[in-house]
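Colleague: A single structure is presented below for examination.
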Amino acid sequence: MYSDRSIEVTDLTVAYRDKPVLWDIDLNVPSGLLMAIVGPNGAGKTTLIKAMLGLVRAAAGQTLIYGKPYAEQRRLVGYVPQRGSVDWDFPSSVLDVVMMGRYGALGWIRRPGRRERELAFAALDKVKMRDFADRQISQLSGGQQQRVFLARALVQDAQIYFMDEPFQGVDATTERAIVTLLQELRAAGKTVIVVHHDLQTVPEYFDWVTLLNVRKIASGPVNDVFTEENLRLAYGGRVSFLSRANGSAPETLAS
Amino acid sequence: MDWHILQELFTDYTLRTVALGAATLGIISGTLGCYAVLRRQALLGDAMSHAALPGIALAFLLTGSKTPLILLLGAALAGWTATLVMMSIVRMTRIKEDTALGFVLAVFFGFGMVLLTFIQKLPNAAQAGLDSFLFGQAATLVERDVITMAGLGAVALALMLLFWKEFKLLSFDPEFGASQGFPIRLLDILLTSLVVIAIVVGLQTVGVVLMSAMIVAPAAAARQWTNRLGLMVALAGAFGGLAGIAGALISAMGRGLSTGPVIVLFISAIVLFSMLFAPNRGIVWNWLRRQRNRRRLKLEAVLGDLYALSQQHESLKHGHSIEVLRVMDARRGGVQRSLETLETRGWAQRVGVDAWTLTPEGKHRAEQAAVGRYG
Amino acid sequence: MLAPQLEIQLIASVIAAACALPGVFLVLRRMAMMSDAISHTVLLGIVIGFFLTRDLGSPLLFIGAALTGVLTVSLVELINRTRLVKEDAAIGLVFPVLFSIAVILISRYAGNVHLDVDAVLVGELAFAPFDRFVVFGYDIAPRALVIGVIILLLNLMFITLFYKELKLATFDVGLAASLGFAPAAIHYGLMFVVSVTAVGAFDAVGSILVVALMIAPPAAAYLLTNRLSHMIALSVGIGVISAVGGYWIAHWIDASIAGSMATMTGICFGVVFLFAPERGLVALARRHNRQRWDFAQQMLATHLLHHEGTPVADAESRIEHLTRHMRWAPAFAAQVVRRAISRGLIYQQGDMLALTEYGRRFASEAILR
């Protein structure tokens, strides 16, 4: 049986050359919700995701996915890395890239076949990119590239999705498409962890938020945690713009 | 020029061996070079091939054997060591990759030269031929060499095909691969080893100095023609093999045409041709496309201008001076040619010496275009 | 006339110094591989110059070769601008072509001349003292030494005259451009200097040693200092040491002089790589080890502080918790606890750990840092 906690992080500490990047993080994420990880630049947001996925080595601590270490639960996890982390001039079509999401399930040596193509097309439908299936990936706009990455994660058919800055530099259409997709995922009972930059949209898009600045500042339901005081703790003095902001969610900010 | 050379390809043993060897090396380095180029390791190939020299010399010093397999093994080990040294310098210090590469290249090669001069003083004459690795001497290839090359190459290509999906993932998005549980470091080591094999296989034919070109050039040429990894790898293999055979033949035709440089010039010519003329990416292709677009836009603009003028006169009978159209075009030129094109399409007609008007068909087109643009 | 032995060392030292000067900027500007490309392609300039003048001693050869160096750089940049291949591939495409042309020209048309392709790579330093520079019947010095000194002086002049510009264009291209320093001019100037140096050094020591002398000493110096002026001086010093040391190794084991010098630059770099006071591997490992324990104690202290007074404090402060949740090996955890206790950060009650007052202060400071 699954516990109701999808992710359980205990005492996670990561250091690059003895400089702590993440300091003793404890985190419990209930399943079936959308969580944003926010914090200033250099707060360790991406590192937190990568450490949970076992992509960077932790100096201490561990991550449990539905009660078991990540290595045993890989099939339950989908990952959307930052768009800028790959070379988009790579000789590959959109369909090719999306099918890469099935490689893990295929295991060694077996090649993707018809089933994988069908899954990939279905995922491309969900992000409204089916017409682009045969396009070379360098011919896509930034938003389209992002949607291809989302489709690649969707074919992983996971329970938990980790997304690193999916809203970074995308057009309005793509932003709406991603939001819709996130809501569909939540409706299907999936958990989605998103590294997010835009504080304004946090209350609108997410249920749960973790404020991070090397240490965990706070983590919990947006309404409880996304307060001005916590934001000031996370961002230092640099959060003043928030009180001046047009207030997409003034009630949560009025602490 | 002596075109009997093609006939000799089938009758002359030496030429056949050399051509086969060069083709084999071209195919292997072309195919595996794609990964080196796509993973931005083009110059690593240069460093590896230079670094192979001490390996060859040491293998000979230690075993006293000139068996190709042993020499190539030494070359591969040295190439690998150089790669490791390079990577540890980059990882552990603030020295950047280019410096680490140049350092490894020069120091390993220098050490290789020390060993070579050492070997040259040995009493037994068996050392002859080792310095053919410097610039490559395809003429020294014998059947045994070609068989070794082909055997090693076949193993490397088989592994590449076997792990096709994994190598593709590794080259495009290694972190995503790692998140799916693939041992990316291991795959990296395997793929780099295959590239090392590709390099050492070509050393005797092309030499350490020019070997990097055989890694980079076929892949660079193939990339221009296709957007698919599979096709790119196949094309690069074909280009490499073609350059190998052509190089062997051309160099057999004339005095003083060493095989290595000729092969390199041939493959470089393919690169140049591809960069200029390949569809979609080629420079000339793009230039032509831009010209065509510009002409089309000009045509639409002139059509629109004529339409605007005809609207003022409410009759298609009234001719409009080409001078007026030129002014409306801000004198960017090409109005005359656009009008002539419109005339051949039956969208405009001449009603005087230099007076033009729209045909009913042209008016219809202009209205459609306006709807398309603003509607 | 000096003894040939001494003259060889003198030539090698002068050339090493001359190479190190532009080498520093190549290394800092991440263009080290350009020296590899240029040192190969200058051969084409020499060959063409030779066909035009039929005289290997002509200064035209020099100019021709330096121009091919600049041509190499321009071709690489031209290919880069098409964006059809990656930057590193562009270098790998250009220099083999020019070098191949040169090799074919030599072997086809210059068969019997003193242009030997093997010598291109490793030079003929051993014979350098016998090629004399004679003026009005007076034997001044070996030709290679005269050329080396001229190049050294030229390089010194270039670097002293444009020190400020080079420094700025190396560390902040944008600022250099906005101050009107024309980074492109500096760039091509540097490439011209590299080419001239490569040509001058080439005849004596071969192209590969040129690369070694341009890259390895500055790379080593880069690990020893943070100041540009010190880095230049150290590079020259290391270059000269490598040259002289390389000569004696070659002398003792009777092997290629250029090869031994290249090897010696590698050994010098290796020593620095291992033992540099701050950035060397040994220093790094030491610091790493010390910091590992410091860091672990900080982790332990902040962890305890973190959970102090919370409902889970009991569970979180058990020793066994360290091994189970923090994933520390038992021996490591025990060692950390022992060190933290002896430092007065924590004290132990049964199998529970608690912070001392000092430990609390230590932990909160660690968090603030």
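The values are calculated or read from the model by the stated rules, or taken from the named source; none is laboratory data. Computed from a predicted model, the values in this text were never measured in an experiment. So basically every Cβ, Gly included, is an ideal-geometry build from the backbone, and we count neighbours across all protein chains shown.
Colleague: Tell me the residue from C:T41, C:T53 that is of a type outside the set (A, V, I, L, M, F, W, C) and within 14 Å of chain B (Cβ to nearest Cβ), please.
Modeller: So the residue among C:T41, C:T53 that is of a type outside the set (A, V, I, L, M, F, W, C) and within 14 Å of chain B (Cβ to nearest Cβ) is C:T41.
Colleague: Anything in the stretch A:65-80 that is within 18 Å of the chain's Cα centre (by Cα) and facing chain B (nearest Cβ under 10 Å)? List them, or say none.
Modeller: If the condition is that a residue be within 18 Å of the chain's Cα centre (by Cα) and facing chain B (nearest Cβ under 10 Å), then A:Y70, A:R74, A:R75, A:V77, A:G78, A:Y79, A:V80 are the ones that fit.
Colleague: Among B:A243, B:A238, B:A301, B:A234, which is under 23 Å from C:S107 (Cβ atoms), in a helix (DSSP H, G or I) and out of contact with any Ser or Thr (no Cβ under 6 Å at 6 or more places or on another chain)?
Modeller: Answer to the check: B:A243.
Colleague: Going residue by residue through the stretch B:290-310, is there one that turns out to be within 30 Å of C:L84 (Cα to Cα) and in contact (Cβ under 8 Å) with a residue 12 or more places away in the chain?
Modeller: Among the residues of the stretch B:290-310, at least one is within 30 Å of C:L84 (Cα to Cα) and in contact (Cβ under 8 Å) with a residue 12 or more places away in the chain, which makes the answer yes.
Colleague: Separate question: Hey, among the residues in the stretch A:97-111 that are touching a residue at least 12 places away in the same chain (Cβ under 8 Å) and either more than 7 Å from every other protein chain (Cβ to nearest Cβ) or within 30 Å of C:L84 (Cα to Cα) (or both), which one's surrounded by the fewest Cβ atoms within 10 Å (Cβ to Cβ)?
Modeller: A:A105
Colleague: Look through B:H313, B:H320 and report the one residue that is in contact with a Leu (Cβ under 9 Å, 6 or more places away or on another chain) and either farther than 24 Å from C:A90 by Cβ or surrounded by fewer than 12 Cβ atoms within 10 Å (Cβ to Cβ) (or both).
Modeller: B:H320
Colleague: Can you name the number of the only condition in (1) surrounded by 24 or more Cβ atoms within 10 Å (Cβ to Cβ); (2) away from every other protein chain (no Cβ under 13 Å) that C:L61 fails?
Modeller: Failed condition: (1).
Okay, residues lined up against (1) crowded, with 21+ Cβ neighbours inside 10 Å; (2) more than 10 Å from chain C (Cβ to nearest Cβ):
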{"position": "B:V200", "(1), (2)": "yes, yes"}
{"position": "B:V208", "(1), (2)": "yes, no"}
{"position": "B:A221", "(1), (2)": "yes, no"}
{"position": "B:N227", "(1), (2)": "yes, yes"}
{"position": "B:M232", "(1), (2)": "yes, yes"}
{"position": "B:A236", "(1), (2)": "yes, yes"}
{"position": "B:I250", "(1), (2)": "no, yes"}
{"position": "B:M253", "(1), (2)": "no, yes"}
{"position": "B:S258", "(1), (2)": "yes, no"}
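Colleague: Oh, and also: If you go through the stretch B:36-61 one residue at a time, how many are surrounded by fewer than 22 Cβ atoms within 10 Å (Cβ to Cβ), modelled with pLDDT under 90 and assigned to a helix (DSSP H, G or I)?
Modeller: Looking only at that region, the number is 1.
Colleague: For the stretch C:1-82, give me every one of the helices (runs of 4 or more DSSP H) that falls completely inside it and has 2 or more residues that are at negative phi, touching a strand residue (DSSP E or B) at 6+ places or on another chain (Cβ under 9 Å) and at pLDDT below 90.
Modeller: C:4-28
Here's the yes/no breakdown for (1) of a type in the set (F, W, Y); (2) facing chain B (nearest Cβ under 10 Å); (3) over 23 Å from C:Q5 (Cα atoms); (4) part of a helix (DSSP H, G or I):
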residue	(1), (2), (3), (4)
C:T170	no, no, yes, yes
C:A177	no, no, yes, yes
C:F181	yes, no, yes, no
C:A185	no, no, yes, yes
C:I238	no, no, no, yes
C:I241	no, no, no, yes
C:A255	no, yes, no, no
C:M261	no, yes, no, yes
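Colleague: Only residues that are at the interface with another protein chain (Cβ under 10 Å from one of its Cβ atoms) and either surrounded by fewer than 16 Cβ atoms within 10 Å (Cβ to Cβ) or assigned to a helix (DSSP H, G or I) (or both): list them for the stretch A:112-137, please.
Modeller: Passing the criteria: A:D134, A:I137.
Colleague: OK, next. Going by the conditions given, is B:A217 within 7 Å of another protein chain (Cβ to nearest Cβ) and closer than 22 Å to C:L105 by Cα?
Modeller: Against the criterion (within 7 Å of another protein chain (Cβ to nearest Cβ) and closer than 22 Å to C:L105 by Cα), B:A217 qualifies.
Colleague: Can you tell me which residue within the stretch C:293-304, out of those that are at the interface with another protein chain (Cβ under 7 Å from one of its Cβ atoms) and free of Cβ contacts under 8 Å to residues at least 60 places away in the same chain, is nearest to B:V90 (Cα to Cα)?
Modeller: C:F295
Colleague: Now for a separate question. Looking at the stretch B:70-126, which of the residues that are more than 13 Å from chain C (Cβ to nearest Cβ) and part of a loop (DSSP other than H, G, I, E, B) is surrounded by the most Cβ atoms within 10 Å (Cβ to Cβ)?
Modeller: The qualifying residue surrounded by the most Cβ atoms within 10 Å (Cβ to Cβ) is B:N124.
Colleague: Also: For residues that are more than 31 Å from the chain's Cα centre (by Cα) and surrounded by fewer than 19 Cβ atoms within 10 Å (Cβ to Cβ), tally how many sit in the stretch C:21-58.
Modeller: 8
Colleague: If I ask for residues that are over 25 Å from the mean Cα position of the chain (by Cα) and aliphatic (A, V, I, L, M), which ones from the stretch B:87-102 would you list?
Modeller: B:M87, B:I89, B:V90, B:M92, B:I95
Colleague: Let me ask something additional. Restricting to the stretch A:90-111, count the residues that are at pLDDT 90 or above and not in a helix (DSSP H, G or I).
Modeller: So the count comes out to 4.
Colleague: Residues of the stretch A:81-96 being β-branched (V, I, T) and either surrounded by fewer than 18 Cβ atoms within 10 Å (Cβ to Cβ) or within 9 Å of chain B (Cβ to nearest Cβ) (or both), which ones?
Modeller: If the condition is that a residue be β-branched (V, I, T) and either surrounded by fewer than 18 Cβ atoms within 10 Å (Cβ to Cβ) or within 9 Å of chain B (Cβ to nearest Cβ) (or both), then A:V86 is the only one that fits.
Colleague: Report, by residue number, each residue of the stretch C:227-242 that is of a type outside the set (A, V, I, L, M) and in contact (Cβ under 8 Å) with a residue 24 or more places away in the chain.
Modeller: Residues satisfying the conditions are C:S235, C:G239, C:S242.
Colleague: Considering only residues that are at the interface with chain C (Cβ under 9 Å from one of its Cβ atoms) and part of a helix (DSSP H, G or I), which ones fall in the stretch B:273-293?
Modeller: The answer is B:S274, B:M275, B:I283.
Colleague: Here is a follow-up. With respect to C:V196, determine if the residue is modelled with pLDDT under 95, more than 11 Å from every other protein chain (Cβ to nearest Cβ) and under 21 Å from C:V146 (Cβ atoms).
Modeller: It is true that C:V196 is modelled with pLDDT under 95, more than 11 Å from every other protein chain (Cβ to nearest Cβ) and under 21 Å from C:V146 (Cβ atoms).
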